[in-house]
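Presented below is the structure to which this report refers.
The values are calculated or read from the model by the stated rules, or taken from the named source; none is laboratory data. As the structure is a prediction and not an experimental result, all values here were calculated from the model. Please note: Cβ atoms are built from the backbone with ideal geometry, for glycine as well, and neighbour counts cover all protein chains shown. These accessible areas exclude ligands, DNA and RNA; they are computed on the full protein's heavy atoms, side chains included. Shrake-Rupley method; radii C 1.70, N 1.55, O 1.52, S 1.80 Å.
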Amino acid sequence: MEMDDDYINFAKITKSADAAEPIFLGISQFILRLPAVKAATGLCRSTIYKRISQGTFPAPVSLGGSSVGWAASDIEAWIQSKLSARPAKSCIESNSS
């Protein structure tokens, strides 16, 4: 079976000096390290861990030793929940003339 260039090898582990590069675990699931989570959410490290302790942010998964990461799907779901909770903007603008 021939694979095209867009196919992500199952269990491919990326090793890079760029800590924001995700570690791929499968076709649709991968782990984000802290720099990528910070970039995706706009939150700083202390706020992320504070919200984890409050139960309002996804908990990380252990990658062994002191390394942790977050399931990309958990971070995406958290972002979607924040976007859907914002008030809807009205499409009708009033004219003051």
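I'd like the residue in segment 26-59 that is modelled with pLDDT under 95 and open to solvent by 80 Å² or more (accessible area, probe 1.4 Å) and, out of all such residues, is nearest to Lys82 (Cα to Cα).
Out of the qualifying residues, it is Ser28.
How do the pairs read when you match residues in segment 73-92 that are among the hydroxyl-bearing types (Ser, Thr, Tyr) and surrounded by 12 or more Cβ atoms within 10 Å (Cβ to Cβ) with residues anywhere that are assigned to a helix (DSSP H, G or I) and at pLDDT 85 or above, using Cβ under 7 Å and keeping only pairs 6 or more apart or on different chains?
Pairs that qualify, where the first residue is among the hydroxyl-bearing types (Ser, Thr, Tyr) and surrounded by 12 or more Cβ atoms within 10 Å (Cβ to Cβ) and the partner is assigned to a helix (DSSP H, G or I) and at pLDDT 85 or above: there are none.
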